[in-house]
Amino acid sequence: MKIICCPVNGPRPLQEFRFGGEVRFMPDPGDSSDEQWADYVFNRSGEPGVKREWWYHIASGTWFVAERNTVTDEFVRTYLYEDQPADE
């Protein structure tokens, strides 16, 4: 069984979570061009490695960030967005 460490509730089974996509920053709606919006909406980084992703813990209703190695499918660390590590 795959276990993910929820930053609020600790280690929990994968079945309690839902994937929310890669953490990306949205361009300013008032200052961005059509090309910038198209890039934000349609393009994703597909290269393998450690990715920052949104995950949702269904039982507690908590959204958090997980750093996951897409090659090995191992979770490096998890944290609440507002507790983002200083090295980011």
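Go through region 54-70 and report how many residues are crowded, with 18+ Cβ neighbours inside 10 Å and farther than 15 Å from V8 by Cβ.
Of the residues in that region, 1 qualify.
Does F42 meet the test of being closer than 18 Å to D83 by Cα, surrounded by fewer than 12 Cβ atoms within 10 Å (Cβ to Cβ) and either free of Cβ contacts under 8 Å to residues at least 12 places away in the same chain or not acidic (D, E) (or both)?
no
Within the bounds of region 79-88, is there any residue that is assigned to a strand (DSSP E or B), exposed (fewer than 15 other Cβ atoms within 10 Å of the Cβ) and on the phi < 0 side of the Ramachandran plot?
Quick first cut of region 79-88, residues assigned to a strand (DSSP E or B) only: 79.
Retained after the next criterion (residues that are exposed (fewer than 15 other Cβ atoms within 10 Å of the Cβ)): none.
Checked against the condition, which is being assigned to a strand (DSSP E or B), exposed (fewer than 15 other Cβ atoms within 10 Å of the Cβ) and on the phi < 0 side of the Ramachandran plot, region 79-88 yields no hits at all.
Answer yes if at least one residue in region 21-33 is in contact with a strand residue (DSSP E or B) (Cβ under 8 Å, 6 or more places away or on another chain), at pLDDT 95 or above and surrounded by 10 or more Cβ atoms within 10 Å (Cβ to Cβ), and no otherwise.
No, region 21-33 has no match at all.
Please find, among E16, E82, the residue that is among the charged types (D, E, K, R) and out of contact with any His (no Cβ under 8 Å at 6 or more places or on another chain).
On inspection, the qualifying residue turns out to be E82.
The values are calculated or read from the model by the stated rules, or taken from the named source; none is laboratory data. Note that the coordinates shown come from a computational prediction; the quantities given were computed from them, not determined experimentally. All Cβ positions, even for glycine, are placed from backbone atoms using ideal geometry, and neighbour counts span all protein chains on display.
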